[in-house]
Amino acid sequence: MPGKSLSRWTMAWFGSALLFLLGACAMALFGLAGPGEWSRGAGMAVVHLFVLGWLCQVMLGALIQFVPVLAARPLAFPGLALPALAFSSAGIMALAAGFLTLDGHEALRPLFLLGPFSIGAAFMLVAVTVGATVLHRACLRLAEVRLVVLAMVALSGLWLSGAVMALTLAGTRIAVDLTEALPLHMLLGLGGWLSLAAFGVSYKLFAMFLLAPEQGGMVRRAVFLTAVLVVALALWALCLLLAGRSGGRAVSVAIGLVPALTMIYLGEITRLWRSRRRPVPEANMLWSRMGLLFLALAALLIVPGWQFGGVWAEAAVFVALVGWLSLLTLAQMVKIVSFLTWVQIFAPRIGRQPVPVVQKLSDARAVASGLAFWSVGTVVGCLALLLGSSGGFLFAVLLLTLGALGVMRELIAIRHLSHLEPAERPACLPHLVLPFTFSRARAEARS
Ligand code: HEM
């Protein structure tokens, strides 16, 4: 039965990630993040609620779900998923609160030390479950699996760079040069961990959703080898940093390789798109294509970002986090949640009664309007950062929040099976985030 190989806690990871996303948006709407605010503790807290709470949690939850699909093997140690979620949520809240010590809230200093360790425990648990699933010779021949493993290696470097910066800022005896550490940290987080994991998962998901033949060969090998070079240079720079030496040259070369890596990947995805057998792609793929355009824009902005820093660097990071990674995530999340809900409720009924198709669980127009708000918000936010306009940035955050709320509303409708005709709705509905079902009659009586 297909449902047997599903991880039980993916919805909980997604639910937690969406709450962090709303939290980050709400704090930004209160003016705690924006042009000129990034170096303040509150600004860093917002950044990490977004990157760790939203993007990392979705990615970790999705990997736990998809690594068995990528590797065609059952997930090892599935019981680690829930403690990993608990450690990561607690750690992210502690780290975000800890950042406020930079704004003078001294009482929160212990959280600055505790947060990274709780987050590290979560990363370790996920690494054990993912690693034990894929570290087999047959699996490692698959390009998408190798990219995910490389992304996990970058994740360990990301954690180490973040932890030593936190220890430095907390005033412990461990201290590194923050001006050297920060670009390296961002490269490992954005380019190494999040983007490489997204590349790996997209190879499989895009081929599946577009009904395209699986690609491979030279171009995919070129993506992998360039990615290995970028991660190796970043880890070498990290070793130099920890030894008290400068790794600036290695970071420069690694960042210089990122636009090339991006363009080779995009070239390959363009070929995959053209070879599809699905004539009209669904909403999740059309909006993922917009995410890919933002990836190209971020890769272009990296060049002046690294050269001149300042607003160029802010705009490059913003477009990569919000336009590329978040838009891709939001678009694919709608499809993944529809699919998981369908498997949970309808897969066991196949052959016994008529079942609706997965597409009927969502409303493509509602999804498109949420994602359109998000995309316009990204463009407005990028321009506002380039012009240093706080008002423009606030407007962008408002658009992004409306977009996120629109998609969340649709996700709730999918879980409640709201788009199905009454006759198609089963007697049991899935819980919003927990791996249980409950009686529809009871839910309707309560509302
Ligand atoms: C994908 C994950 C991550 C990404 C993309 C990321 C990104 C960033 C960015 C963009 C900044 C600069 C923020 C600003 O100027 O307002 C930053 C700073 C920082 N990050 Fe992260 N981060 C990630 C994970 C982590 C983790 C896991 C830790 C701790 C273990 C951490 C600790 C820190 C610290 C302490 C700073 C402050 C550095 C300074 O003041 O110079 N980060 N990070």
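Rule-based calculations on the coordinates, nothing more; no lab input. These numbers were taken from a predicted model, which means no experiment stands behind them. Ideal geometry is used to build each Cβ from the backbone, glycine not excepted, and the neighbour counts take in all protein chains shown.
Worth a mention:
- Rounded to 0.05, the FRET efficiency of the Leu29 and Gln307 pair, given R0 = 45 Å and the Cβ-Cβ distance, is 0.90.
- Given charges at beta-carbon only (K, R positive; D, E negative), |dipole| of the range 280-447 in Debye: 600
- Check: the chain dipole with +1 on Lys, Arg Cβ and -1 on Asp, Glu Cβ, in debye: 1480
- Taking packing as the residue-averaged number of other Cβ atoms within 10 angstrom, the listed peptides 301-310, 9-18 run from highest to lowest as 9-18, 301-310.
- Burial order of peptide ranges 98-104, 345-351 (average beta-carbon count within 10 Å, highest first): 98-104, 345-351
- Where only C-alpha atoms are counted, convex hull volume of the range 280-447 per residue in Å³: 130
- The value of relative contact order for the range 369-417, using C-alpha pairs under 8 Å at least six residues apart, is 47 percent.
- Potential extension, Ser369-Ser389 segment - 0.36 nm per residue separation minus Cα distance: 4.6 nm
- Based on C-alpha pairs under 8 angstrom that are at least 6 apart in sequence, the chain has a relative contact order of 15 percent.
- You can think of it this way: the chain between Thr172 and Val219 has 12.3 nm of extra reach, that is 0.36 nm per residue less the Cα-Cα gap.
- Membrane-span-like helices in the chain, defined purely by DSSP H runs whose alpha carbon atoms cover 20 Å or more axially and whose average Kyte-Doolittle hydropathy reaches 1.0, are 10-29, 57-71, 81-99, 109-134, 143-169, 196-210, 217-242, 283-308, 327-345, 364-387, 390-415.
- Shown here are the Rg and Dmax of the Cα trace of the range 211-269, at 14.5, 51 Å.
- With K and R counted +1 and D and E -1, the other residues having a Cβ less than 14 Å from that of Leu167 yield a net charge of +1.
- For the range 280-447, averaging the sequence separation of C-alpha pairs within contact (under 8 Å, six or more residues apart) and dividing by the residue count gives a relative contact order of 21 percent.
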